[in-house]
Structures are given as structure tokens and as C-alpha cells.
Amino acid sequence: MTRSRTTGAADSRCPSCGAAVHRQWVGRVAALRVTADLTPLTPEQQQAVRTPNRLIWCLRQGGPHVPPQLRSISHFHPADCPHPHVTDHQCPPAEPTTLF
């Protein structure tokens, strides 16, 4: 896991499903702890997964000394944004472990 001291961001794996995720505190006044998938979404996929409880984030790529940062996509977000857009992580449904 890599961690940034300035943003609290960390790239790691989900403890439940093992997917690669990015964790970060987002916001200044009312901070929100976000765990986002690292798989970029197409505009069509963004529309399909967007719900009131599932947000889309802009993952701004950092430089050699700046870690990637999640930014909220709002009505001020440019349509031609060059950064990947990701969504909140949700573990896939678990496979049944018992056979009857």
C-alpha cells in the first residue's frame, strides 16, 4: 500500500474481494472517506452506474511527487476532462460456499 501524507490517499486492495482500490478523504469541511475502484469508466458506464448513493469521481493523476487525487464530478466538471473517471467501490456478490 502506498500512502500520501498530505492527502491521506492510499492505493491498496479491498480486504473483502481483493480488487484494486484508491482510498482517500475528500472534502475540506465535511470530509467523506471514499473507496473508489481504479478501473476507468466510459461515459456510458458512468450513466449506467450513477445513482444517488453511487458517485462518479475524477481521478487526477499525480506527478512523481504528487499522488493521484479524487475530485468530485459536478456540473462544473469539464466535458473534455482528460483524467479517468471512477466510481465508489462495491464488492461483487459473493459466490455461494455451500452446496445442498
Checklist outcome for this item: Flagged pairs (Cβ under 6 angstrom, 6 or more apart or on separate chains; first in region 31-52, without any contact (Cβ under 8 Å) to a residue 60 or more places away in the chain; second part of a strand (DSSP E or B) and open to solvent by 90 Å² or more (accessible area, probe 1.4 Å)) are 31/25; 33/25
Next on the checklist: Of everything in region 50-61, what is out of contact with any helix residue (DSSP H, G or I) (no Cβ under 7 Å at 6 or more places or on another chain), open to solvent by less than 40 Å² (accessible area, probe 1.4 Å) and of a type in the set (A, V, I, L, M)? Give them in sequence order.
Outcome noted: 59
Checklist entry - Which of the residues spanning region 30-49 are surrounded by 11 or more Cβ atoms within 10 Å (Cβ to Cβ) and part of a loop (DSSP other than H, G, I, E, B)? => result 31, 38, 39, 40, 41
Next on the checklist: Of the conditions (1) among the aliphatic types (A, V, I, L, M); (2) over 14 Å from residue 22 (Cβ atoms); (3) touching a residue at least 60 places away in the same chain (Cβ under 8 Å), residue 86 satisfies every one except a single condition; which number is it?
Outcome noted: (2)
Next on the checklist: Restricting to region 33-46, name every residue that is more than 12 Å from the chain's Cα centre (by Cα) and not polar (S, T, N, Q).
Outcome noted: 43, 44
Next on the checklist: Can you report the number of residues in region 64-87 which are under 14 Å from residue 46 (Cβ atoms) and touching a Phe, Trp or Tyr at 6+ places or on another chain (Cβ under 6 Å)?
Outcome noted: 1
Item to check | In region 72-90, the residues that are under 18 Å from residue 27 (Cα atoms) and open to solvent by 100 Å² or more (accessible area, probe 1.4 Å) | outcome: 75, 76
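The values are calculated or read from the model by the stated rules, or taken from the named source; none is laboratory data. The structure displayed is predicted, hence computed values, not measured ones. Every residue, glycine as well, gets a Cβ built from its backbone with ideal geometry; the counts of neighbours run over all protein chains shown. Side chains are part of the model used for accessible areas, which takes the heavy atoms of the whole protein and leaves out ligands, DNA and RNA. Shrake-Rupley method; radii C 1.70, N 1.55, O 1.52, S 1.80 Å.
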